[in-house]
Amino acid sequence: MLLTNIQAFRKKYYLNHLIKGSLYGVGILTAYFILLNVIEYFIGFNSWVRTFLFFGSLSIAGFIVIKMIILPFMKMIRWIHTISDSEAAIMIGNKFPDVQDKLLNTLQLMRLPDENPLIKASIEQRTSQLATITFPQAVDLKKNKKAAPYMLIPIIILILLLITIPGIITESTTRIVHYKKEFIPPAPFQFILLNKDLTAFRNEDFEVSMITKGKVMPENVYIVTHEVKQKLISDKNGVFRYLFNSVQKVNSFRFEGEGFYSTEYTLNVHNRPLLNQFEVLIEYPSYLNKSTDKLKNTGDLIVPYGTEITWKFYVAHTDSLRMEFSGNKIYATPVSEGIFLLKKQQKDSEPYSVNLINKFAANKEKAAYRLVVIEDKAPVIRVDQIRDTVLYSLIVANGTVSDDYGLTGLKLFYKHTNVENSDTGIFRTIPIKLNGKSVTQNFFHEWDISYFHLKPDDELSYYFQVWDNDRLQGPKSTRSPIYTFRLPDKRALSEETSAETDQVKNDLQKALANATQLKKEMEKIQEKLKSEKQLEWSDKKQIEKILEQQKNLHEQLENINERNRLLNRKSTNFDQLSEQVVQKVSQLQELMDQLLDEKTRKMMEELEKMLGNQDNEKVNDYLDKFKKDQKSLEKELDRALELYKQLQAEKMTEKVMEDLKSLSQKQSELASKIENGKKEELVEKSNELSEEQNKINNEFEQIKKDIKELQTLNKELQQPNTLPNTNEQEQKISENLENSKESLSNKNPKKATPSQKKAAEDMKDMAQKIESSKKQDEMEAAEENMEDLRAILENLLKLSFDQEELMKDFRNIKQSDPKYLEYTQQQYKLIDDLSMIEDSLVALAKRVFQIQSFIIRELSGLHEYMDASIQLLRDRDLNQATGKQQFSMTSINNLALLLDEVLKQMQENNAESKPGTQNCQKKSGKKSCNKPGGKSDKLSDIQKDINKKISDLKKGGKQGKELSEQLARLAAQQEMLRNALREMDDPANNGKNGNNDELKELAKNMEDTETDLVNKRLNEQMIRRQQEILTRLLDAEDAFKERDLDEKRESETAKDILRDSPAFYDKYIQLRKKQLDLLKTVPPALTPYYKEQTNEYFEKINGGN
């Protein structure tokens, strides 16, 4: 029991030491920690001192902890040797006065052997006495409270420092703990590195960026690498920068400013993936016929749709290579060390990038490219066209077709819809040739639409369609808009023709005025030249002006002629003209064709050349000839204008008659429709019937306007025709038509029938009345014209005889004979007689279409001969004068023969126009009459007659006046035959031979015969020549007949038709052909950019044209 109590004391004793040691140890260590940190903070020991302090502090702290905490604790738990029981007894005895040495003595006794009972009893007595005392009370733990301040004060100080100046504790502790690390003495500012990662890549630049932060800033900052100090560059924002150029290895560095250093940093170096080069293999679609392209280091690509592209990359330091196409990642296949391969068929445009990757990084710069796929676009077509708005028989289409890669076909689709047949919706095709190798080309197509025989209100729909050569997706096509060609209705065509006719008439009037003015100017300059010996500069200029005006007049007449020819064709195609009017149209056109002869052109050229010679007399002579020629032209123009007016009036008359007949038929049909229809159905269709009646009424109003126009045209004629007065009939017809319309509007169709029938009958009567009046006028005019022509023929014959008689008289006298003046006066009288005949013939020619222009020219030639004979008689040159008289007589005879031929034609036409005398048939829409006098079957008969008469005269032995007269007639007949032969051979006059050498030689032989006849040389050579002429003429007629048969056979098969196109058509065609030739020079294998530029260029050209 006693020992247990002592043990409790000992345990509490050591507990007291543990508490006390802990308090003092913590206090001492805390104070030491504070002191050490403060000293380090303010002094900043170097590494060696800090190493000493660190290990010294550890030793001190270890000693204190072991001594004051660990050892007391271990003794308390008796892990190590503790105080003995005796020492504990002494301590207890010292603590309790009652115990003193009792406890020690008792312990000593207990060590003694147990054999002595006294000792045992003493021990028991002492133990019982000491049992009342609790030995642990000898240790007062509360006394340790005095040591608490020693621990709390340092702890409180430490806490305050951590709160107020934490750097004293944290920084100092860090420096002491990291005794090996070099700690720079704290500067008044901080070095702050802005780079988050100090990793650079070999052969690349690396920029270090830093800033300073503090109350005081350094003026300059340096970077120290391998003891090399370099200044950093600062910007306006206070950022310091330094560039490591082409980093090759690991670098260590620190910053220095104002003597203060930053911590040391390390720049690590790695290898970045590197793309050395790459190749692109482009394999085009096979249908493009393009060879494979191989490109180097070219990433931006423009390729056609469906192209296969193979990329081959040569790389270094690369683990993998990835290509990204619009977000789709594709890894290339490594084929060997440093080589990657990727193949792809491209169908869409997209960006793509190349990414090289290794374990450290990807490629620095993004290798981004653009891959443009050129879609095989649909072909493009642009069409320009010119339509024949005169004859409505031709469409000239020109256009441009283009594609990015090639074309395979171009077709014209058309559909004809006429009034009788409804639209079937079926388009037919016409292929148009293209050059498949050219991506851009012009096409030109001249489309003859006369094949369709379009009628008014017919419609021709058509469009063009082109195909490309796309084999991957199938050929694509593009079509032009659907065009519509519609023939104007009958009324519109009539108005067009009327307007064009008026225009031609006005142009003829202007041309006549210009010709008259030109003749006056010639007369003025002639009068001026008579008083001058030499040409002045002003005279030359005036003559040049006259020549220029003459050229302009010729151009004006050529334009009139061309327009009239087209107008005639249009009128023939669309107007219902009688055979008689068609014949007059042809005759008038022939007359207008002959207005301009080659003789006048040559005379102008010669006069122009002669102006440089300054020969006043020759210039005056040419001006005189020119004036006479101009006078003839003026007469022919005046005649052409008058005949044109007559023809215009005649066309209008026939049009009114045909329109009245047609309208009468329409009105009769409408009346029958109403009369035979049921009342209920008619009432339901009353609006439709009323509309039809209204159209008839409007058409009749138009006919009334045409009648007024006809009356106006008739008044313009020099000899107006007799037109019946139809005012009363027009009024009645209008009233009946109005009554019919009113009845139909009131839905009473049956009531309209009588008025309709009456109106139809009156229109028919009115047409017959106009037709009867027209026929009567024609018969009377024909009789009158034939009578006038007979009188002219008689006067010509008399003039011929008088001229022959006067010629003989002159030959029988001398220049000194007193009768010379008398005979000269008779020659003057013959000229006056000729002037009267000329006036009569010119007046007749204005009414008779059959009189050809060369007849008027023959009359002008006759005047020249007779005027020349007068001038020679004045000059007393009797021989030359009688020669001119001989030519005058020959010309008179020729003129008489020609007019006799005209008279026969007029008689034949007059006979044909009478009932029961016609012998004509219509073949193929044209009237063909078997009548004598035709050229192709008459020339040989005339030649036979001439040969027979020449042979009879040679055998008869006639002399004198009778022989001269007959030879002159034969010479005139032979000349007439020669002129007819030349007309047949002239292509300009629709001759079928054109430059036939045999016919030219034949005409030359005839001309030799004429010369022999005039000179009265009747010999065997002439007889043989005449027989040869007859033989060749018969051969020529056979050739004509054979050609006619060939033409009839050829007409059964299709063939190209040569048409007279307006001048602007020819210019248009030439322009487009030039463009086509230009396109042939464009190389087909162009890059897409240049293809586009080429297309734009030609679009601009075509738009401008």
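Test of understanding: among Thr429, Thr478, Thr484, which residue is in a strand (DSSP E or B), surrounded by fewer than 16 Cβ atoms within 10 Å (Cβ to Cβ) and touching a residue at least 24 places away in the same chain (Cβ under 8 Å)? Give the steps one after another, and end with the answer.
On the way: Thr429 fails: touching a residue at least 24 places away in the same chain (Cβ under 8 Å); Thr478 fails: surrounded by fewer than 16 Cβ atoms within 10 Å (Cβ to Cβ).
The match here is Thr484.
Of the residues that sit in the stretch 518-532 and are without any contact (Cβ under 8 Å) to a residue 12 or more places away in the chain and of a type outside the set (Lys, Arg), which one is surrounded by the most Cβ atoms within 10 Å (Cβ to Cβ)?
So, considering only residues that are without any contact (Cβ under 8 Å) to a residue 12 or more places away in the chain and of a type outside the set (Lys, Arg), the one surrounded by the most Cβ atoms within 10 Å (Cβ to Cβ) is Glu527.
Could you tell me whether the stretch 759-767 includes any residue that is surrounded by fewer than 17 Cβ atoms within 10 Å (Cβ to Cβ), modelled with pLDDT under 90, in contact with a helix residue (DSSP H, G or I) (Cβ under 9 Å, 6 or more places away or on another chain) and of a type outside the set (A, V, I, L, M, F, W, C)? Spell out the reasoning first.
So the first thing to find is which residues in the stretch 759-767 are surrounded by fewer than 17 Cβ atoms within 10 Å (Cβ to Cβ), and the list is 761, 765.
With modelled with pLDDT under 90 added as a condition, the list becomes none.
Scanning the stretch 759-767 turns up no residue that is surrounded by fewer than 17 Cβ atoms within 10 Å (Cβ to Cβ), modelled with pLDDT under 90, in contact with a helix residue (DSSP H, G or I) (Cβ under 9 Å, 6 or more places away or on another chain) and of a type outside the set (A, V, I, L, M, F, W, C).
Inspect the stretch 812-826 for any residue being touching a Ser or Thr at 6+ places or on another chain (Cβ under 9 Å) and part of a helix (DSSP H, G or I) and give the result as yes or no. Walk me through how you get there before you give the answer.
Just the residues of the stretch 812-826 that are touching a Ser or Thr at 6+ places or on another chain (Cβ under 9 Å), to begin with: none.
Among the residues of the stretch 812-826, not one is touching a Ser or Thr at 6+ places or on another chain (Cβ under 9 Å) and part of a helix (DSSP H, G or I), which makes the answer no.
Scan the stretch 226-251 for residues that are polar (S, T, N, Q) and within 20 Å of Ala187 (Cβ to Cβ) and jot them down.
First, pick out the residues of the stretch 226-251 that are polar (S, T, N, Q): 230, 234, 237, 245-246, 248, 251.
Result: Gln230, Ser234.
Tell me the residue from Ala8, Ala31, Ala61 that is in a helix (DSSP H, G or I), at pLDDT below 80, small (Gly, Ala, Ser) and surrounded by fewer than 18 Cβ atoms within 10 Å (Cβ to Cβ), please. Show your work before the answer.
On the way: Ala31 fails: at pLDDT below 80; Ala61 fails: at pLDDT below 80.
None of the others qualify; the one that does is Ala8.
Is at least one residue of the stretch 209-219 within 30 Å of Asn271 (Cβ to Cβ) and at pLDDT 80 or above?
Of the stretch 209-219, the ones within 30 Å of Asn271 (Cβ to Cβ) are 209-210.
Among the residues that remain, those that are also at pLDDT 80 or above are: 209-210.
Yes, because at least one residue in the stretch 209-219 is within 30 Å of Asn271 (Cβ to Cβ) and at pLDDT 80 or above.
Any residue at all in the stretch 179-200 that is at pLDDT below 85 and of a type in the set (Ser, Thr, Tyr)?
First pass over the stretch 179-200, keeping only residues at pLDDT below 85: 179-189.
Remaining after also requiring of a type in the set (Ser, Thr, Tyr): 179.
Yes, the conditions are met somewhere in the stretch 179-200.
Considering only the stretch 309-338, how many residues are within 18 Å of Thr298 (Cβ to Cβ) and not charged (D, E, K, R)? Break it down stepwise before answering.
Here is the first cut: in the stretch 309-338, the ones within 18 Å of Thr298 (Cβ to Cβ) are 309-315, 321, 323, 325, 332.
Within this subset, residues satisfying the condition of being not charged (D, E, K, R) are 309-311, 313-315, 321, 323, 325, 332.
Final tally of qualifying residues: 10.
Among the residues of the stretch 284-295, is any outside the structural domain of Asp468 (by TED's automatic domain parsing) and closer than 16 Å to Tyr369 by Cα? I'd like the intermediate steps shown before the answer.
Here is the first cut: in the stretch 284-295, the residues outside the structural domain of Asp468 (by TED's automatic domain parsing) are 284-295.
Still in the running and closer than 16 Å to Tyr369 by Cα: 295.
For the stretch 284-295, residues outside the structural domain of Asp468 (by TED's automatic domain parsing) and closer than 16 Å to Tyr369 by Cα: present.
To keep it simple, each residue is scored yes or no on (1) at pLDDT 90 or above; (2) of a type outside the set (D, E, K, R); (3) not in a strand (DSSP E or B).
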site	(1), (2), (3)
Phe253	yes, yes, no
Glu256	no, no, no
Asn268	yes, yes, no
Leu281	yes, yes, no
Lys290	no, no, yes
Lys294	yes, no, no
Thr298	yes, yes, yes
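List the number of the failed condition for Leu806; all other conditions in (1) closer than 15 Å to Asp900 by Cβ; (2) surrounded by 17 or more Cβ atoms within 10 Å (Cβ to Cβ); (3) touching a residue at least 60 places away in the same chain (Cβ under 8 Å) hold.
(1)
Out of the residues in the stretch 983-1016 meeting the condition of being surrounded by 13 or more Cβ atoms within 10 Å (Cβ to Cβ) and not in a helix (DSSP H, G or I), tell me which one is modelled with the highest pLDDT.
Here the residue is Asn996.
Within the stretch 405-420, can one find any residue that is surrounded by fewer than 16 Cβ atoms within 10 Å (Cβ to Cβ), free of Cβ contacts under 8 Å to residues at least 40 places away in the same chain and not in a loop (DSSP other than H, G, I, E, B)?
Checked the stretch 405-420: no residue is surrounded by fewer than 16 Cβ atoms within 10 Å (Cβ to Cβ), free of Cβ contacts under 8 Å to residues at least 40 places away in the same chain and not in a loop (DSSP other than H, G, I, E, B).
Considering each residue of the stretch 377-404, count those that are crowded, with 18+ Cβ neighbours inside 10 Å, among the hydroxyl-bearing types (Ser, Thr, Tyr) and in a loop (DSSP other than H, G, I, E, B), and give that number.
2
Residues Leu566, Leu553, Leu535, Leu557: which one is modelled with pLDDT under 75, crowded, with 16+ Cβ neighbours inside 10 Å, out of contact with any Phe, Trp or Tyr (no Cβ under 9 Å at 6 or more places or on another chain) and not small (Gly, Ala, Ser)?
On the way: Leu566 fails: modelled with pLDDT under 75; Leu553 fails: modelled with pLDDT under 75; Leu557 fails: modelled with pLDDT under 75.
Matching residue, one of Leu566, Leu553, Leu535, Leu557: Leu535.
Against the definition (among the charged types (D, E, K, R), part of a helix (DSSP H, G or I) and without any contact (Cβ under 8 Å) to a residue 12 or more places away in the chain), how does Glu761 come out, yes or no? Step through it out loud before you land on a result.
Working: among the charged types (D, E, K, R): yes; part of a helix (DSSP H, G or I): yes; without any contact (Cβ under 8 Å) to a residue 12 or more places away in the chain: no.
So Glu761 does not fit the description; no.
Is it the case that Ser740 is within 57 Å of the chain's Cα centre (by Cα) and surrounded by 14 or more Cβ atoms within 10 Å (Cβ to Cβ)?
On the way: within 57 Å of the chain's Cα centre (by Cα): yes; surrounded by 14 or more Cβ atoms within 10 Å (Cβ to Cβ): yes.
So Ser740 fits the description; yes.
I need the full set of residues from the stretch 242-267 which are closer than 15 Å to Leu198 by Cβ and surrounded by fewer than 15 Cβ atoms within 10 Å (Cβ to Cβ), in order please.
Looking only at the stretch 242-267, we keep the residues that are closer than 15 Å to Leu198 by Cβ, and these are 242-244, 247, 249-255, 262-267.
Listed by number, the residues that qualify are Leu243, Lys249, Val250, Ser252, Thr263, Glu264, Thr266.
Given the conditions (1) buried (at least 21 other Cβ atoms within 10 Å of the Cβ); (2) in the same structural domain as Gln517 (by TED's automatic domain parsing), and given that Gln667 satisfies all but one, which numbered condition is not satisfied?
Here Gln667 meets the rest and fails (2).
The values are calculated or read from the model by the stated rules, or taken from the named source; none is laboratory data. Because the structure is a prediction, the values reported are computed rather than measured. All Cβ positions, glycine included, derive from the backbone under ideal geometry; neighbour counts span all protein chains shown.
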